Structures are given as C-alpha cells and as structure tokens.
Amino acid sequence: MTKVVGSKRTFTDVTDEEAIEFVDIVSDIVAHEEYQKMKNYTHHIGYTRYQHCLNVAWYSYLWCKRSGLNYKSAARGAMLHDFYLYDQHKGEQPIPGRHVEVHPMVALANANKYFEVDDVMYDCIAHHMFPSTSIRPTTMEGYIVSIADKYCAGLEVGKTGVDYMSPYVKEAIKKITE
Ligand SMILES: [Fe+2]
Ligand SMILES: [Fe+2]
C-alpha cells in the first residue's frame, strides 16, 4: 500500500497527516489474510481489485472528510465495496444473477464475516452500483462511495487504456494534449 491512481500523494510520507490517518483507518482490513487475496484478481484491465478498492477508499475518505461526513465508515465501506473473491468473467460467480447486483451482496457477506459493518458501511457496500442497480444509497457517504467508484474506474481504465494503444495513437494523443 503506497499510493493511489490519479494522486501524487503517497502513504509513506510521514508529513502527510491525512495519509497517516487514512492508513490507520483501513490498516486492519489491508492486513487481513482473506483481504490480501484481493491482490490475485484483476479489476478494470490493469489494476488489482485490492488497488481498485484502495483507490476508491482514499477518494471517499478525502471527499467525506472535507464534507463533514463520517469519513471513517466511508473509507472502511469503500475498502470493502468490492470484497468478492471470484472472477465473473471465468464463470466463477457463486450464485446466479446479474453481476452488478450479485457482487455487492457477496462483498457485504464477506465484510460481515471478517469485519464489523455499521449502517454507513452497509450502505456504501450494498448500494455502490447505483444507478446500474435500482436501489439508491440512503446516506451521503453511500452516494460519495458510489461516485468515487465511477471516478476511479475512469482513472483506471483511462490510464491503462492509453498503455494498450499503438505508438502512433500515443504520439497523436501526446501532440493534442501538449
Ligand atoms: Fe463493484
Ligand atoms: Fe468498485
């Protein structure tokens, strides 16, 4: 755990009080043996599911803290929002149904099995796929985690998407953006 996508800040900077606080809030989740298995699953092409959750948790922490919301539960809920250990693309989903509806429920079951889940965390995990699913979050923290999830997915896919492009396309993008 060193940094997140789209940010220059690092979790090893001893002068960054927010980074230190964030690490303190999520460290037991990160260190858990079962949670470490998240590193074995690819998420959004070029990132692990572990890194994706870390990305979402960091932005949820920051946005909730600056909005005067429950940033601790938001960060912990965000860390656990995709806590499922299977690859749906390989047909490994344990129960039938649409992926967008099934994986938040599996993540919630895993979160409850290994950690304490309060009402805000429940909302952040269960409803993070809104509006792809019909049930809205019931807390502001839940909405923020849902938005952070989409924001990070964009950063993750955008970055890796460029990595996969041909040198000619990369050069063209460079000329346009310089
Ligand atoms: Fe998800
Ligand atoms: Fe996600």
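For the chain, what does -39500 (n - 2.57) per DSSP helix run (n ≥ 4), summed and divided by total residues, give at 222 nm, in deg cm²/dmol to the nearest 500?
Details: 8 runs with 105 residues, N = 178.
That calculation yields -18500 deg cm²/dmol at 222 nm.
Using DSSP H assignments, which helices in the chain have an axial alpha-carbon span of 27 Å or above and a mean Kyte-Doolittle hydropathy of -0.5 or higher?
Passing helices, by number: 140-163.
Can you compute the charge dipole magnitude of region 52-130 about its Cα centre, using +1 on each Lys and Arg Cβ and -1 on each Asp and Glu Cβ, nothing else charged? Give it in debye, rounded to the nearest 20. Provide the component values of the computation, followed by the final result.
Values: 7 positive and 8 negative charges, 51 e Å.
It comes to approximately 240 debye.
Which residues does a label at A153 reach in region 77-102, if reach means a backbone N under 15 Å from a point 7 Å past the Cα toward the Cβ?
Output list for this probe position: 81-83, 88-89, 98-102.
Go through 19-32, 91-104, 72-85 and give me the packing order, highest mean Cβ count within 10 Å leading.
So the order, starting with the most tightly packed, is 72-85, 19-32, 91-104.
Using a 10 Å cut-off on Cβ atoms, rank the peptides 138-148, 54-64 from the highest mean neighbour count down.
On the way: 138-148: 22.5, 54-64: 25.7.
Descending mean neighbour count gives 54-64, 138-148.
So the label point goes 7 Å from the Cα of I135 along Cα→C-beta, right? Which residues of region 35-66 then have their backbone N under 12 Å from it?
Those under the cut-off are none; the list is empty.
Taking the Cα centre of the chain as origin, work out the dipole magnitude from +1 charges on Lys and Arg Cβ and -1 charges on Asp and Glu Cβ, in debye rounded to 20.
Dipole size: approximately 620 debye.
Of M79, H44, F22, which is farthest along the charge dipole of region 17-177 in the positive direction, counting Lys and Arg as +1 and Asp and Glu as -1 at C-beta?
Positive-most Cα among the choices belongs to H44.
Just round it to a whole percent: the fraction of Cα-Cα distances in region 17-177 exceeding 19 Å.
On the way: 7082 of 12880 pairs.
Tail of P(r) above 19 Å: 55 percent of Cα pairs.
I need M121, M38, M129 ordered by Cβ neighbour count within 10 Å, fewest first.
Ascending number of Cβ neighbours within 10 Å: M129, M38, M121.
Working out 0.36 nm times the residue gap between E101 and D13, then minus their Cα-Cα distance, what length gain in nm do you get to one decimal?
Details: separation 88, 0.36 × 88 = 31.68 nm, distance 3.79 nm.
Once the chain is fully extended between E101 and D13, it gains 27.9 nm.
No lab work stands behind these numbers, since they all come straight from the coordinates. These numbers come from a predicted model, not from an experiment. We place every Cβ from the backbone using ideal geometry, glycine too, and count neighbours over all the protein chains shown.
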